[in-house]
Amino acid sequence: MKGIIDFHTHTFPDTLAEKAIELLEKEGGVPARLDGKVSSLLASMDMCGIEKSVICSIATKPSQFNSILKWSESIASERLIPLPSIHPYDPEAIERIEIIKQKGFKGIKLHPYYQDFNINDKKVFPLYEKISEENLILVLHTGFDFAFERIRKADPEKIIEIKKKIPSIKLVTTHLGAWEDWDEVRRLLVGEEIYMEISYSLEFLDRDKARDIITNHPERYILFGTDSPWTDQKETLELFRALGLPPSLENKILRENALSLLSSVDIDKNCFLL
Ligand SMILES: [Zn+2]
């Protein structure tokens, strides 16, 4: 099946899904649209013509590294592309990035609110450097977060700082550059060679503003994403299609850009993952 690629989803191990969803719903005040299980995400993907989903995990403490890694190994498939997570202040973070690469994963997800760091903290730069050196993708939650106080931890100015210091980094910002900070996105990020996935933005931005950001950004740097289960994949897809973008750009965003980004990460043939 050749279909859409969703660059931002979350699922949990079956045994934890119910609890995790309940807790996150309480913290964020946003009701989940799926039960958090892998099978439910796959069913939703089938319904919407989504071929692959990138699954972003977040280690809220260093000790979660191994369990997230193991679970990510167990669910990886042609259709599910898990990104494990390290905690930015984990003393073993550098070695763990190597492990993630050796295992054959495509990248790493970091979340400045759930992991409590500023994205331009100089202590985190060695990690970015290592991620870039290993040719891994870094998906970084950017902008504010629904569940947290509005403190600037991951705004466009800080994103630019990372890109300036490490130009080769394959950096994917979430929520169309920075959630609820779209004037700054327009001012600073648009035009830069920085990926933006579009999840959880079209629900908040008016259509013209969203179109303005998307159509002025380099074509290959926009990716489709939903943040499922916090949105419904089908509804996000409808919102995206309602932007009425030229079909060739729509195809790039829905599939081709993600495919070329994912295939730019060279995987050792001996790796167990696909
Ligand atoms: Zn998310």
Whole-Hz Karplus couplings 3J(HN,Hα) for the stretch 122-132, θ = phi - 60° and coefficients 6.51, -1.76, 1.60, Gly and Pro as x, run 5, 5, 8, 4, x, 5, 4, 4, 5, 4, 5
Along the stretch 139-146, Karplus-curve 3J(HN,Hα) (6.51, -1.76, 1.60; θ = phi - 60°) to the nearest Hz, with x for Gly and Pro, reads 9, 10, 4, 10, x, 6, 10, 3
Projected onto their principal axes, the Cα atoms of the chain stretch, largest extent first, over whole-Å spans of 45, 41, 41
In nm, the gap between the two label points placed 7 Å beyond Cα toward Cβ at GLU134 and GLN102 is 1.0 nm
Partner lysines whose C-alpha sits under 25 Å from that of LYS158, ignoring same-chain residues fewer than 8 away, are LYS61, LYS106, LYS109, LYS122, LYS123, LYS130, LYS170, LYS209
Quick shape check on the stretch 145-239: root eigenvalues a ≥ b ≥ c of the Cα gyration tensor, a/c under 1.5 is rounded, otherwise prolate if a/b tops b/c, else oblate, and it reads prolate
Which residues qualify? For HIS8, with a placed amide H closer than 5 Å and at least 5 residues away or on another chain, they are VAL54, THR226, ASP227
For the stretch 224-236, in residue order, the Karplus 3J(HN,Hα) values (coefficients 6.51, -1.76, 1.60; θ = phi - 60°; whole Hz; Gly and Pro = x) are 7, x, 10, 6, 4, x, 7, 9, 9, 4, 5, 5, 5
With +1 on the Cβ of every Lys and Arg and -1 on the Cβ of every Asp and Glu, the dipole magnitude of the chain about its Cα centre, in debye rounded to the nearest 20, is 500 debye
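Could you tell me which GluC sites (Glu not before Pro) in the stretch 1-92 are loop residues by DSSP with no more than 15 other beta carbons within 10 angstrom of their beta carbon?
Answer in residue order: GLU78, GLU92.
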To the nearest 0.05, the calculated FRET efficiency linking ASN251 and SER77 through their beta-carbon distance, R0 being 22 Å, is 0.40
Here FRET efficiency (C-beta to C-beta, LYS122 to PHE148, R₀ 35 Å, nearest 0.05) is 0.95
Taking Cα pairs closer than 8 Å and at least 6 residues apart, the relative contact order of the chain in percent is 21 percent
With label points set 7 Å from each Cα along the Cα-to-Cβ direction at ASP46 and TYR89, the distance between them in nm comes to 4.4 nm
Under the rule rounded for a/c under 1.5, else prolate if a/b exceeds b/c, else oblate, using alpha carbon gyration tensor axes a ≥ b ≥ c, the stretch 2-73 is classed as oblate
Between MET196 and residues 5 or more places away or on another chain, the pairs with built amide H atoms under 5 Å apart involve THR173, ILE222, LEU223
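Rule-based calculations on the coordinates, nothing more; no lab input. The structure displayed is predicted, hence computed values, not measured ones. All Cβ positions, even for glycine, are placed from backbone atoms using ideal geometry, and neighbour counts span all protein chains on display.
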